[in-house]
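**Q** Handing you a structure now.
Just so it is clear, none of the values below were taken in a lab; they were calculated from the coordinates. All figures in this text were calculated on a predicted structure; none of them were measured in a lab. A quick note on method: Cβ atoms are made from the backbone with ideal geometry, for glycine too, and the neighbour counts reach across all protein chains shown.
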Amino acid sequence: MKSTRNLLFTGLTLAAFAAGAWAQTQATPSSAPQQANSTPATTQQPAITAADVQALKDALASQQKQIQALQDQLNRRDQTLQDVSAKADAAQSQTAKQQDAVNELKTDVNELKSVSSSSQDNPTLKNAVLNLAEQQQEQGTEPSPETRLSKEMEGPLTIHFRGINITPGGFAAAEFLRRSRALGADIVTPFNSVTMPGASQSYLPEFFGTARQSRPNVFVASRAGKVDFAAYVSGDFLSSGVTSTATQTNGYTFRIRQAWGQVKLPGGWSVLGGQAWSLVTENKYGINPSDDTGKTNDSRPATIDGGYNVGFSFARQAGLRLTKDFGDKVAIAFAVEAPQATVTTSENSNDYVLVQAGASNTNNTTSTYGFNPSPDLIAKIAFDPGFGHYEIFGLADRFQDRVFPCENIEFVAGVLVASLPNCTAAPTLTAASAVDAYNSTKSGGGFGANARWTFFNKHIVFGLHGFGGSGIGRYGAAQLPDVSINADGTVHPIKDLQGLATLEWHGKKLDIYSYVGSEYAARTYSYDPVQSAVSATPVLVGYGAPSFNDSGCYTETAPTTGTLTGTTVIPGSLAHCSSQTRAVTEGTIGFWYRLHNGARGRYQWGMQYSYVNRATWSANGGIPAGQTFGFEPHGLDNMVFTSFRYYLP
């Protein structure tokens, strides 16, 4: 500003000087005559020359340049001020937005603090947390193999407490089912108990409504250095106490589904212990634990039926598993899991002991528990090459019983008629005896493979599963037997095959699924020399023997008084109907429709239709005269399920 004032003063001075010069130039001609009559002047003003005018012009030009330079400087200053003002406005706007976000977050925190557990209008979590979770869901980023379990299991309800993340989860279910032939079963179908044509239940349909498949669970995760820790507990209400009834309060008991802990170490090693899905169960990717609500690594059939689908191989049992991941392409695992033998045999003498009743302090006294000599050993390798998921696995198990060879012995009038070769004391005996008893052990096992492919941006899933071996029946959904008993009282593992084909379509709101599966149990029988000698006809014992009598499988019998229901009569048991299963086959189709799916949870509705065919081994016993083929009865059932479920986020 000082330079501007100096410039202005200089300009005014020059202007005054120029005006004086111009006045003198104009006055000179008119004064010439007067000078002729007057006295000559004593002094004279210097004349203005062209050089003086040029100097004045140069000075003005110089001043003009200075004025232009100052004007340019002022323009640049004004532009700078405008830029600074714009940035200040933007910063002020951003600060205001951030302040609004902070104020909104403070409001959300205050609302969270004010949540009342007794209020039905207040949600358990407020908008800030839920909106953030919705944004995370929309991003859909693929988690790394190291963090996949936690990323898929955790959600808006995760509680962060001193480095430990606690995530409650599960779903509440309202489900209904109708079977064309009654089984007296809830939402879990006992496929190997589908009734024969003559059973009274085959003439009566049944309808059930249930909430017992509701599954609460909790997932806990933490990290110490480079080591990840995780634990998972899940359960449902598909268990019955001795006082459980469906007449009024439907007070069924809670049962454990899974309860395991896992340590994940650097280098791809992990150790899992507790009750979990068996290593036999198919995975969706790699070899990682699976939850019970479909959040992580779930390739199980999406059925409403809690028994899944015939042909699906699985178990949930206690075990210890060691897994090694080689990146995200290959994984191997080895597991030691709890065994439990199941047996079906017919026409045998009482010369063996394979199971015992449960102890009253911990086990079910109305159920049986096998004398298991060792754990089930399972190994698996999984491949994820980029197209499809592939698994190969093997199982080794063992069975044992206590054999009493001198119990299968016959005397007539105190004279020995027949005995088994391993009853060495037979010549000294006069009646059946427990002498010479010994333990018998047999090994079983099998191999299986799984393959699963996705097409059209994961909208279509196609899968194949197969598992075959001896003594593996309990790993199938149909629950066919593991073993039978030979005539000499020793264990005989039953050959078993299990297979399942999967075809699913997955959309944004609608999932459609279909499955076809089958399980097969081979004939497993032997010749009993003692009973044959007494009856004078060949006697076969064991499982599925062709001499068994199935002639009564088509004939309804009169009702009887139930031992557990007082004077109430119940359907009578079929006479002459061994009905030992050769194969169970099921076809299923169904859908799930998600009415809402977001950070506040998922609400979905589904329906399922299944057709089950239980085919038995043909039996020639009791066939009419002249008939050359035996009976091969089938049990059939048509089932319709519907389900309404709300899943916690």
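**Q** Peptides 241-248, 517-524: what's the order by average Cβ count within 10 Å, highest mean first?
**A** Working: 241-248: 9.4, 517-524: 22.1.
Top to bottom by mean Cβ count within 10 Å: 517-524, 241-248.
**Q** Which whole-number percent is the relative contact order of segment 207-360 (Cα, under 8 Å, 6+ apart)? Mind dumping the intermediate values first?
**A** Details: 256 pairs, mean separation 25.4, N = 154.
Reported relative contact order: 16 percent.
**Q** Right, next: Each residue of segment 581-594 in order: what ³J(HN,Hα) in whole Hz does its phi give by Karplus 6.51 cos²θ - 1.76 cosθ + 1.60, θ = phi - 60°, with x for Gly and Pro?
**A** For segment 581-594, the Karplus-derived couplings read 5, 8, 7, 10, 10, 9, x, 9, 9, x, 8, 10, 10, 8 Hz, x marking Gly and Pro.
**Q** Continuing with this model, one more query. Any idea what the relative contact order of segment 439-528 is, in percent, if you count C-alpha pairs under 8 Å spaced at least 6 apart?
**A** Working: 192 pairs, mean separation 24.4, N = 90.
Dividing the mean separation by the residue count of segment 439-528 yields 27 percent.
**Q** What length, rounded to one decimal in nm, is gained on full extension from Ile256 through to Tyr554, with 0.36 nm per residue of separation minus their alpha-carbon distance? All intermediate terms of the calculation are to be shown ahead of the outcome.
**A** On the way: separation 298, 0.36 × 298 = 107.28 nm, distance 3.95 nm.
Full extension of this stretch gives 103.3 nm more.
**Q** I've got another one for you. Going through segment 156-193, which trypsin sites (Lys or Arg not before Pro) have at most 16 other Cβ atoms within 10 Å and a DSSP loop state?
**A** Working: sites: Arg162, Arg178, Arg179, Arg181; in loops: Arg162, Arg181.
Taking segment 156-193 and a limit of 16 other Cβ atoms within 10 Å, the loop trypsin sites (Lys or Arg not before Pro) found are Arg162.
**Q** Could you compute the FRET efficiency for Asn361 and Tyr390, with r as their C-beta to C-beta distance and R0 at 56 Å, rounded to 0.05?
**A** Details: r = 45 Å, r/R0 = 0.80.
Approximately 0.80, to the nearest 0.05.
**Q** Which whole-number percentage describes the relative contact order of segment 528-638, with Cα contacts under 8 Å and a sequence gap of 6 or more? Before the final figure, lay out each step's value.
**A** Working: 194 pairs, mean separation 28.8, N = 111.
Answer for segment 528-638 is 26 percent.
**Q** Can you work out ³J(HN,Hα) from phi for every residue in segment 54-67, in order, using Karplus 6.51 cos²θ - 1.76 cosθ + 1.60 and θ = phi - 60°, giving whole Hz and x for Gly and Pro?
**A** So the J values, rounded to whole Hz, are 5, 4, 5, 4, 5, 5, 5, 4, 5, 5, 5, 5, 5, 4.
**Q** Ranked highest first by the average count of other Cβ atoms within 10 Å around their residues, in what order do 467-479, 416-428 fall? Mind dumping the intermediate values first?
**A** Numbers: 467-479: 24.7, 416-428: 15.5.
Highest-to-lowest ranking by the protection proxy: 467-479, 416-428.
**Q** Cα centroid distance between segment 401-424 and segment 71-92, in Å?
**A** For segment 401-424 versus segment 71-92, the Cα centre distance is 113 Å.
**Q** For Val435 and Val415, FRET efficiency with R0 = 30 Å and r from the beta-carbon atoms, rounded to 0.05?
**A** Values: r = 19 Å, r/R0 = 0.62.
That gives a FRET efficiency of 0.95.
**Q** Still on this structure, I have one more. If I model a spin label at Thr80 and Ser532 as a point 7 Å from the Cα along the Cα→Cβ vector, what separation in nanometres do I get?
**A** 11.5
**Q** Calculate, in nm to one decimal, what Gln63 and Phe644 gain on full extension: separation in residues at 0.36 nm each, minus their alpha carbon distance. Display every interim value, and only then the final one.
**A** Values: separation 581, 0.36 × 581 = 209.16 nm, distance 9.07 nm.
Fully extending the segment from Gln63 to Phe644 adds 200.1 nm.
**Q** Tell me the net charge near Ala522. Cut-off is 9 Å between Cβ atoms, Ala522 excluded, with +1 for each Lys or Arg and -1 for each Asp or Glu.
**A** Details: positive: Lys495, Arg523, Arg582; negative: Asp496.
Net charge in that neighbourhood comes out at +2.
**Q** Note the full-extension length gain between Ile332 and His576 as 0.36 nm times their separation in residues minus their Cα-Cα distance, in nm to one decimal. Write down the numbers at each step before the final one.
**A** Values: separation 244, 0.36 × 244 = 87.84 nm, distance 4.94 nm.
Here the segment from Ile332 to His576 would lengthen by 82.9 nm.
**Q** Would you mind counting up the charge near Phe644? Only other residues with Cβ under 13 Å from its Cβ, with Lys and Arg at +1 and Asp and Glu at -1. Mind dumping the intermediate values first?
**A** Values: positive: Arg594, Arg602, Arg645; negative: Glu175.
Cβ neighbours under 13 Å give a net charge of +2.
**Q** Within a Cβ distance under 10 Å of Thr581, other residues only, what is the Lys/Arg minus Asp/Glu net charge? Write down the numbers at each step before the final one.
**A** On the way: positive: Arg582, Arg614; negative: Glu519.
Combined, the nearby Lys, Arg, Asp and Glu give +1.
**Q** Hey, another quick one. In nanometres, what is the gap between the two model label sites at Ile512 and Ala449, each 7 Å from Cα along Cα-to-Cβ?
**A** Spacing of the two 7 Å Cα→Cβ label points: 3.0 nm.
**Q** At R0 = 51 Å, how high is the FRET efficiency between Phe161 and Asn422 if r is their beta carbon distance? Nearest 0.05 is fine. Show your work: numbers first, answer last.
**A** Working: r = 64 Å, r/R0 = 1.25.
E between Phe161 and Asn422, to the nearest 0.05, is 0.20.
**Q** While we're looking at this one, here's another question. Measure off 7 Å from each Cα along the Cα-to-Cβ vector at Ile381 and Ser239, then give the distance between these two points in nanometres to one decimal.
**A** Here the answer is 3.9 nm between the modelled labels.
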